[in-house]
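Each remark here refers to the structure printed beneath this line.
The values are calculated or read from the model by the stated rules, or taken from the named source; none is laboratory data. Everything quoted here is computed from the prediction, not taken from an experiment. Glycine gets a Cβ as well: all are built from the backbone with ideal geometry, and neighbour counts include every protein chain shown. The protein model used for the area step is the full one, side chains on, heavy atoms only, and it has no ligands, DNA or RNA in it. Shrake-Rupley method; radii C 1.70, N 1.55, O 1.52, S 1.80 Å.
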Amino acid sequence: MLGNPSSLLALLLGSLLFVDPAASAPRFALSPYANLTRIATLPAFLSRRLVVIGDVHGCLDELNLLLAEIQYNPSVDHLIFTGDLLAKGPKSIEVIRRVKELGASCVRGNHDDRVIRWRGYLNQMEREDGRRFGEYVDLTEVPEEFREPLMSEHRELARALSDTEYEFLVSCPLILRIPEFNTVVVHAGLDPSIPTTELEDQDPHDVMYMRNIYQGQPRTNKKKGQHWGKVWNEVQRRRRFPLNVWYGHDAGRGLMMLPFSVGADTGCVYGRELTAITIPDREMFSVKCATYAEK
């Protein structure tokens, strides 16, 4: 018995129109920000000293020297890292372990993000294809942005991270709010055109990569436009409750102290200095660094 002709027709049309999402998706599709916490809030520490440390980039020895310089005391100090804990320097994995051991806070930098994306990709590849981290990866199979020459170091770091170290790195948010001082910490900057009440609308790529504002838009390079921090300060001066931004990333400009923004990346990995600055009084400490990379 053939049954109701209209039911059979509906079943046939349904089978023709249905598309299996898995069949049409890229083999190892992975959202750029699948493992990203956009905003986290630091609890009020009241009597504790908050210390922001610029980009470490795997410079463990210099980090330990800086901790001695600030006379770090875990009972009264809380450390906040501006991102790019790893890559370029000699002891990236050791820096992750040290920062985790210190119970510090952190935000995600662009180099951290590349390592996280690689590890996420390798995890997914292992689940779906059965290949282990240490096995050969055919770059023709990976997302196009992973084929950049700069990605090779990030791939190896992604393989070297233990699960616990990877989870710690993933836990670093894009934006860390410090309400008691009306302050946020980010890696690169914030788009001044977006209201401070709508931080969730900040583009993650901009927050991790931006340096300038050109024709009203964030830009990653400094060839055109104006330093984003200067534009930010112009906007915040007109606000009743201006938001302070502490950031790293821009080693080329180095230390940048403006009324409503502080840039703390002083180019340690390039042989300059590693810097720590306290919130809110801006007391500064620094140590000299060996040269591990060229700008």
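Below, the figures for the structure above:
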| item | result |
| --- | --- |
| Residue count for region 266-295, restricted to those that are surrounded by fewer than 17 Cβ atoms within 10 Å (Cβ to Cβ) and in a strand (DSSP E or B) | 4 |
| Hits in region 66-109 (condition: touching a Ser or Thr at 6+ places or on another chain (Cβ under 9 Å), part of a loop (DSSP other than H, G, I, E, B) and farther than 18 Å from residue 286 by Cα) | 76, 86, 107, 108, 109 |
| Every pair of residues 6+ apart whose Cβ atoms lie under 6 Å, when the first sits in region 193-212 and is closer than 16 Å to residue 40 by Cα while the second is of a type in the set (Val, Ile, Thr) and open to solvent by less than 40 Å² (accessible area, probe 1.4 Å) | 199/175; 201/194; 202/194; 207/186 |
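This table checks each residue for (1) within 25 Å of residue 66 (Cα to Cα); (2) open to solvent by 10 Å² or more (accessible area, probe 1.4 Å); (3) in contact with a strand residue (DSSP E or B) (Cβ under 6 Å, 6 or more places away or on another chain).
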residue	(1), (2), (3)
92	yes, no, no
95	yes, no, no
108	yes, no, no
121	no, no, no
126	no, yes, no
